[in-house]
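*Asks:* Just dropping this structure here.
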Amino acid sequence: MDGISKTIPLVLVEWFYHASKSRLHLFFNLIKFQDSERGTRALRTLVFFNLQTYVMIEI
Amino acid sequence: MHHGILLDIGSDVLVIYNGEDYIYIPLIHVQRMLENVEDPPIAVPSNEYPMDHLHTLSLRSILNNAKGMFSEIQVTKHQSVHGYVTTILNDYFVFYSPVYKTMYIPINHLKWLIPYTSSQTPYNLENDIFPVNPTPLTLARTFELQLEKLIGKIVVFDLGTDPDRIGQLKGIHGSFVELVTAKGDIVFSHLEHIKTVHYPS
């Protein structure tokens, strides 16, 4: 996980951090991000800030 | 839909624990994730991961760790396969299933992998049933080149749930694979949409 904050724009990290803190925006939809590097990075960040959370994942 | 505690994230794969199994899911196949507030929470596992996460956690490293280890994988939509990874090539891996025997599977079609955490064997078969090196053919670097080796043979795509996915492999034309079905119909399948290949030995 090292280096996430270096590879993702800070504003995106902060947005995901606050979203995960509030637990209101854990729900998200990655369909439009599929196959994109940006989508994968965003997902990694979101997961990183929500480790140990009980989730449901649709694949 | 998979339910579980988010445990770890790597470059292209995440791990959840559903109270019984560790599920490794490639990020590319994650369509939706939401917090599970419906079910009673499950405890974070205290035992070690079935695979080594300490150095790198990526799909390729997971497949490497899964070599020779019994696991359940899902590639096609509704059916999982039990067996073990034997070899990993550039864009596909070889999986041995006691049901389908040797299978060739493009890495990008792997939806999830669950390593067995107990000493159980698939279908409770004896260990000596499982060959160490089950591949009768030499292995090409890429999935397309491996398919070329099967020209002239009866092959089964995507576990054979659709009759149009079973037939004699006649050739590969660019991105399309030509198959002749049991009734003599010619079917072209796009290479990118073939999820599994096996053939009767």
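*Asks:* Counting just the residues of the range B:23-36 that are over 14 Å from residue B:6 (Cα atoms) and in contact (Cβ under 8 Å) with a residue 60 or more places away in the chain, which one comes out nearest to the other protein chains (Cβ to nearest Cβ)?
*Replies:* B:29
*Asks:* Same structure, new question: Collect the residues in the range B:118-137 that are surrounded by fewer than 16 Cβ atoms within 10 Å (Cβ to Cβ), polar (S, T, N, Q) and closer than 30 Å to residue B:1 by Cα, keeping them in residue-number order.
*Replies:* Selection gives B:118, B:119, B:120, B:124.
*Asks:* Would you check which residues across the range B:178-201 are in contact with an Asp or Glu (Cβ under 9 Å, 6 or more places away or on another chain), farther than 20 Å from residue B:110 by Cα and part of a strand (DSSP E or B) and list them?
*Replies:* B:179, B:186, B:187, B:188
*Asks:* Go through the range B:37-56 residue by residue and tally those that are loosely packed, with under 10 Cβ neighbours inside 10 Å, under 15 Å from residue A:52 (Cβ atoms) and away from chain A (no Cβ under 12 Å).
*Replies:* 1
*Asks:* Could you tell me which of the residues B:187, B:156, B:180 is outside the structural domain of residue B:13 (by TED's automatic domain parsing) and touching a His at 6+ places or on another chain (Cβ under 6 Å)?
*Replies:* Selected residue: B:156, the only one of B:187, B:156, B:180 that is outside the structural domain of residue B:13 (by TED's automatic domain parsing) and touching a His at 6+ places or on another chain (Cβ under 6 Å).
*Asks:* Which condition number in (1) at pLDDT 90 or above; (2) more than 14 Å from chain A (Cβ to nearest Cβ) is the one that residue B:59 fails?
*Replies:* (2)
The values are calculated or read from the model by the stated rules, or taken from the named source; none is laboratory data. Everything quoted here is computed from the prediction, not taken from an experiment. Virtual Cβ from ideal backbone geometry, glycine too; neighbours counted across all protein chains shown.
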